[in-house]
Amino acid sequence: MATDVTVPTLGESITEATLGEWLKQPGDPVAADEPIASLETDKVSVEVPSPVAGVMGAHKVQAGDTVEVGAVIASVEEGSGASAKAAPAPAPAPAPAEAAQQAPASSGDVAAALSPSVRRAVLEHGVDPSTIQGTGKDGRITKEDVEAAAASKPAAGKADGGAAAPAPAASPAPAPAPSGGRNEERVRMTRLRQTIAKRLKEAQDTAALLTTFNDVDMTAVMEARAKYKDLFEKKHGVRLGFMGFFAKAVCMALKDIPAVNARIDGDEIVYHDYADISVAVSAPQGLVVPVIRSADAMSVAEIERTIGDFGKRAKTGDLKMEEMKGGTFTISNGGVFGSLMSTPIINPPQSAVLGLHRIEDRPVVVNGEIVIRPMMYMALSYDHRLIDGREAVTFLVAVKNAIEDPTRLLIDL
């Protein structure tokens, strides 16, 4: 007896998704509620659990297909999976010339289960995926795992005092191009990437985008963090980072300059008396932007705990769609990737986004003397239809003042 696997409810107003990848192949044993496929929606990846325990049946759709909520995508048969695995007839024995090219079958199985982006990374770096320990959900290999394995390859060759490492058999990834070849690969854009592209282009086409810059001396915040980080982590169970300071400084500045926290709706301006701060965090499928609800009512510790939780669940794909809806203002920290300066694009229907960048020592003039200070560039991109230049500059200066004198965060100045 077979049980149908259907596309689950994906959230309010979401009626379809793209099948990202199959996590179970026909004949594989599955447990009840074990993930068997992943779906990509406009915001997050969602795993499809098996409704019953049994053996994975036939796939009714392929990776990359668009599926609607309630559609049947596969079936789960009764049984343990052993007989199903043995059912297919054995393949003919390969000719001797072919045998050397067929590498271990387990490596091929691993390669077949990889997502498109990971397969591309395996091909680019020439690593064997069967030797990689996956850090993703359920031990799946991520692009970062492949890059880490590639980075460790030279060191591995020298680990035995210069002895040459045995050459691997054939790579389980697609055969590399001949030396000097010029190849192309077409990979279907994920639904998330399609949505990001569409929204960013809409922002450029709709808003009158302008970016204002300022720099901030990070000395005081870095000293406070160094002094209290151990006590902070011991008491609150989370590391003290810089985002907590910036989020509090932003919330204070938004109260003083409410237009930066507003949005345009038709011919009306919608002002918010709360600050829901969207924060960009890195996930295997790209940047996602969960929202810190009522950040203006939170302490630095509460903000850091929330951001830390978002970061962990973004890596495992456990963020919920409702956690990414809304938001009145966005903070994007490109500094973690080494960015010196950028002009971020707003996240509609929001009207502004604050871009943070890397901290580096630079000579600055303080009290008539040239000194070396840890400086950071800040960039505020905003919709000039709603926010005037004076308001944008005033907002940035307010954030700058709060960061350079963190006492202002305590006494609301």
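The values are calculated or read from the model by the stated rules, or taken from the named source; none is laboratory data. These numbers were taken from a predicted model, which means no experiment stands behind them. We place every Cβ from the backbone using ideal geometry, glycine too, and count neighbours over all the protein chains shown. Surface areas here come from the heavy atoms of the whole protein model, side chains and all, with no ligands, DNA or RNA. Shrake-Rupley method; radii C 1.70, N 1.55, O 1.52, S 1.80 Å.
From the mean inverse distance of alpha carbon pairs (Kirkwood) and the Cα radius of gyration, derive Rg over Rh for the range 186-335. Rg/Rh: 0.99. Accessible surface ranking for SER45, SER351, 1.4 angstrom probe, highest first: SER45, SER351.
VAL289 contributes about 40 Å² of solvent-accessible surface, heavy atoms of the protein only, 1.4 Å probe.
Rounded to the nearest 20 debye, the dipole magnitude of the range 1-78 is 80 debye, with +1 charges on Lys and Arg beta carbons, -1 on Asp and Glu beta carbons, and the Cα centre as origin. Relative contact order of the range 279-413: 17 percent, from C-alpha pairs under 8 Å at least 6 residues apart in sequence.
At full extension, VAL187 and TYR274 could sit 27.2 nm farther apart than now, given 0.36 nm per residue minus the alpha carbon distance. Once the Cβ-Cβ distance between ILE14 and ARG408 is put in as r, and R0 is 41 Å, what FRET efficiency do you end up with, to the nearest 0.05? Efficiency at R0 = 41 Å is approximately 0.45.
Here's the picture: charge each Lys and Arg Cβ at +1 and each Asp and Glu Cβ at -1 in the range 287-393, and of ASN367, VAL353, VAL288 the one pushed furthest to the positive end of that dipole is VAL288. Over all other residues within a Cβ to Cβ distance under 9 Å of ALA2, the charged ones net out to -3, with Lys and Arg as +1 and Asp and Glu as -1.
One decimal place: the segment ALA301-THR6 gains 102.1 nm when fully extended, by the rule 0.36 nm per residue minus the C-alpha distance.
In the range 263-413, the DSSP beta bridges split such that about 75 percent are antiparallel, to the nearest 5. Can you pick out the pairs among LYS198/LYS315; LYS235/LYS325; LYS60/LYS315; LYS201/LYS325; LYS255/LYS320 whose Cα atoms lie more than 26 Å from each other? With Cα atoms farther than 26 Å apart: LYS235/LYS325; LYS60/LYS315; LYS255/LYS320. Near ASP361, once Lys and Arg are set to +1 and Asp and Glu to -1 for all other residues with Cβ below 13 Å from its Cβ, the sum equals 0.
Express the carbon and sulfur contribution to the solvent-accessible surface of the range 194-336 as a percent, rounded to the nearest whole number, probe 1.4 angstrom. Its accessible area is 51 percent carbon and sulfur atoms.
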